[in-house]
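Report on one structure; see the data block that follows.
The values are calculated or read from the model by the stated rules, or taken from the named source; none is laboratory data. A quick note: this is a predicted structure, and the numbers were derived from the prediction, not measured. Neighbour counts run over all protein chains shown; Cβ positions are idealised from the backbone, glycine included.
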Amino acid sequence: MNTAMDLYGTDEPPAPRVSYRCGPWAFTLEEGALRHITLQGVEAIRGIAFVVRDRDWGTLVPQIDQMQITHDQAGLTLSYDATYASGAARLDMQIVIALTAQMLSVSAEGHATGPFETNRAGFSVLHPIADVAGQPVQVTHGDGTQTNSIWPDLIAPWQPFMDIAALTHGVGKAALTCRLQGDIFEMEDQRQWGDASFKTYNRPLAAPWPYMLEDGDRLCQSVELTWAARDAPKIPPRPMARTAVTFPDMALLVTPQDARRLAANPADIRAVNPQRLLCHLDATAGDVPAQYDAFAQAQRACPDRIFDLELIYAGDADPAPALMVLAAQMRDSGFAPASLLVCPAEDRQSTPPGSAWPACAPLAQIHDAAAAAFPDLLRGGGMVSFFPELNRKRPPVDRLGFVSHGLCPIVHAADDLSVMETLQAIPDITASARAFISDKDYRIGPATLAMRQNPYGTSCIANPGGKRLCMTDDDPRHRAQFGAAYAIGLATALVPAGISVWCPAALYGPRGVIADRGRWPIQAALNALGWLAGQPVHRATIRDGVADLHCGELHIIANLTARRHGRLGPYDWTSLSSP
């Protein structure tokens, strides 16, 4: 019998989930949020929640009390009190969920006690991808005017719809209208961060943040869903990704400290046997010669691995002098990477819509300077953060040998179901990237459960209690069966896009593969995946919570759910050799 520690790396139980049904509606309630709202058996809304963010865009978890439920012939009503704490201040809200045959509404009313600092406080409505992306939608604006449009198919770098009072679109045999009141709402394409949804949220990003709710300030918002019958059109299947691909090389991330440890313990690399090591050098951290020397030591100790360099430097009006110095220091150290990804330090932080771009040289100038400083290296560009940053600040692809970005599934939600659901958005991310990088060599990583650096705040969220937290740099599930299953699911979702290199873990540390004692499940999973490098991909699908990966003569199947699936227990996996 698997324990919570075996499955999740923490004794913290998953959040309880309760299912409700009323007429044509059904949904689950989890920590006050409505999940997977279906209408006549078809998913209509992925989620509705009153969300409060702190100054680093971390999600504040409410204390929920006074839950009351009334279910009679008229319909279903649920109400509860939600208290959000921010320092010594708090935000007290009463949430009411009401359902009848024709309507589902969620309202929130409350007030701040003390000065309450936040980046956002209000309703977020998540719209699913399936049968929505690329389909018609009617947008009603605050002044009553209406716009007939299309949900984005490829991921939009900026908000697809602004000033939203209502959205009407098809859900099976119904036309669903989602009406919002109480603030100015707009939409972002959450697929950028890996979320399997579009998100309509309150308070435009162009407004200042963080902002303060003063003592006694009141909030009142509502979301109302109504529907009418329609003739359901036939929705054609979305285009498939590439069909003839091979499994990518695997890389593990190493810092200079990691490299020195590896140089003293070269057998550690055999835990997973990656083809490559991705060396992270941050020139803004100081003592660049010592950082290069650490990687040179590791390279001498592990001559059978390919070393790639991820170079962070302090951006300047003219990048050429700094990059020339960095190139000379690399040569002096004896470190000889096979490739180089250059990223100015300024681009590690996100530039949201409405924000000023950082003072930094244009990317074309940066990569021309890198070509002059490192003429013999395969050079790449992109972002050491995530796809939104790449999508908003696209590199000069014609000057590059490859393009890269990272992934992280806990930007907006950290519950188990949401994390696995991010795999649904991977094909949208890779298709959107391919739209502007074309056939260029495409690399992914690091792509780990936990964040290594927070592009959206001052730091990652500390997690000493081993909880399920957004934007933490230490997610205990990485070191449990959940993390192994997620890694197999990630590989399965990525390979149809023709990825050449993926980096699913670090070598050491909380996002690593080397345990201080014993072994973590992710080690065995990555070891199996590492043997697939260069093998033809025969099948790579995720259906009904099961990842099915068949490459070369190896067939790997992973259960991505907390329920048993055939012979596979929760988050279990198996590999079989083809006959």
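Observations, loosely collected:
- Residue count for the range 372-383, restricted to those that are surrounded by fewer than 24 Cβ atoms within 10 Å (Cβ to Cβ) and touching a strand residue (DSSP E or B) at 6+ places or on another chain (Cβ under 6 Å): 4.
- Condition met for PHE402 (aromatic (Phe, Trp, Tyr), within 30 Å of GLY9 (Cβ to Cβ) and touching a strand residue (DSSP E or B) at 6+ places or on another chain (Cβ under 6 Å)): no
- Filter result (crowded, with 18+ Cβ neighbours inside 10 Å and in contact with a helix residue (DSSP H, G or I) (Cβ under 9 Å, 6 or more places away or on another chain)) within the range 330-342: MET330, SER333, PHE335, PRO337, LEU340, VAL342
- All positions within the range 61-98 that are among the hydrophobic types (A, V, I, L, M, F, W, C), crowded, with 18+ Cβ neighbours inside 10 Å and modelled with pLDDT of 90 or more: LEU76, LEU78, ALA82, ALA89, LEU91, MET93, ILE95, ILE97, ALA98
Yes or no, residue by residue, for (1) modelled with pLDDT of 95 or more; (2) part of a loop (DSSP other than H, G, I, E, B):
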| position | (1), (2) |
| --- | --- |
| GLY380 | yes, no |
| PRO409 | yes, yes |
| ALA413 | no, yes |
| TYR456 | no, yes |
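- Matching option when the condition is surrounded by 21 or more Cβ atoms within 10 Å (Cβ to Cβ), touching a residue at least 60 places away in the same chain (Cβ under 8 Å) and either under 30 Å from TRP531 (Cβ atoms) or aliphatic (A, V, I, L, M) (or both), among LEU281, LEU277: LEU277
- All conditions but one from (1) assigned to a loop (DSSP other than H, G, I, E, B); (2) in contact with a Phe, Trp or Tyr (Cβ under 8 Å, 6 or more places away or on another chain) apply to GLY216; the one that does not is (2).
- The range 1-42: number of residues that are surrounded by fewer than 15 Cβ atoms within 10 Å (Cβ to Cβ) and either polar (S, T, N, Q) or more than 30 Å from PRO510 (Cβ to Cβ) (or both): 6
- Candidates in the range 407-418 are the residues that are surrounded by 22 or more Cβ atoms within 10 Å (Cβ to Cβ) and of a type in the set (A, V, I, L, M, F, W, C); of these, the one that is farthest from ASN119 (Cα to Cα) is LEU407.
Yes/no matrix, rows are residues, columns are (1) of a type in the set (Lys, Arg); (2) touching a Ser or Thr at 6+ places or on another chain (Cβ under 9 Å); (3) under 22 Å from ASN454 (Cα atoms); (4) not assigned by TED's automatic domain parsing to the domain that holds GLN275:
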site	(1), (2), (3), (4)
TYR313	no, yes, yes, no
GLN329	no, no, no, no
ASP332	no, no, no, no
CYS343	no, yes, yes, no
ARG348	yes, yes, yes, no
THR351	no, no, yes, no
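- Condition check for ARG53: basic (Lys, Arg) and either out of contact with any Ser or Thr (no Cβ under 7 Å at 6 or more places or on another chain) or farther than 20 Å from SER222 by Cα (or both): no
- Selection within the range 99-133: residues that are part of a loop (DSSP other than H, G, I, E, B) and within 29 Å of the chain's Cα centre (by Cα). The member of this set that is surrounded by the fewest Cβ atoms within 10 Å (Cβ to Cβ) is ALA130.
Residue-wise test of (1) part of a loop (DSSP other than H, G, I, E, B); (2) on the phi > 0 side of the Ramachandran plot; (3) in contact with a Phe, Trp or Tyr (Cβ under 7 Å, 6 or more places away or on another chain).
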{"site": "ASP143", "(1), (2), (3)": "yes, no, no"}
{"site": "MET162", "(1), (2), (3)": "yes, no, no"}
{"site": "ARG179", "(1), (2), (3)": "no, no, no"}
{"site": "THR200", "(1), (2), (3)": "no, no, yes"}
{"site": "ALA207", "(1), (2), (3)": "yes, no, no"}
{"site": "TRP227", "(1), (2), (3)": "no, no, no"}
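- So ALA98, is it in contact (Cβ under 8 Å) with a residue 24 or more places away in the chain and either among the aliphatic types (A, V, I, L, M) or more than 25 Å from GLN66 (Cα to Cα) (or both): no
- ALA317 being in the same structural domain as ARG276 (by TED's automatic domain parsing), at pLDDT below 95, farther than 23 Å from ALA497 by Cβ and buried (at least 20 other Cβ atoms within 10 Å of the Cβ): no
- Top-ranked residue of the range 428-446 - restricted to ones that are aliphatic (A, V, I, L, M) and surrounded by fewer than 23 Cβ atoms within 10 Å (Cβ to Cβ), ranked as nearest to ARG379 (Cα to Cα): ILE437
- Filtered residues of the range 532-578 (kept if touching a residue at least 60 places away in the same chain (Cβ under 8 Å), surrounded by 14 or more Cβ atoms within 10 Å (Cβ to Cβ) and either of a type in the set (Asp, Glu) or part of a strand (DSSP E or B) (or both)): VAL537, ILE542, ALA547, LEU549, CYS551, ILE556, ALA558, ASN559, ASP572, TRP573
- In this structure, TYR313 does not qualify as farther than 22 Å from ARG399 by Cβ and out of contact with any strand residue (DSSP E or B) (no Cβ under 6 Å at 6 or more places or on another chain).
- Long-range neighbours under 8 Å by Cβ, at least six apart or interchain, first residue assigned by TED's automatic domain parsing to the domain that holds ALA174 within the range 120-143, second assigned to a strand (DSSP E or B) and acidic (Asp, Glu): PRO128/GLU43; ALA130/GLU43
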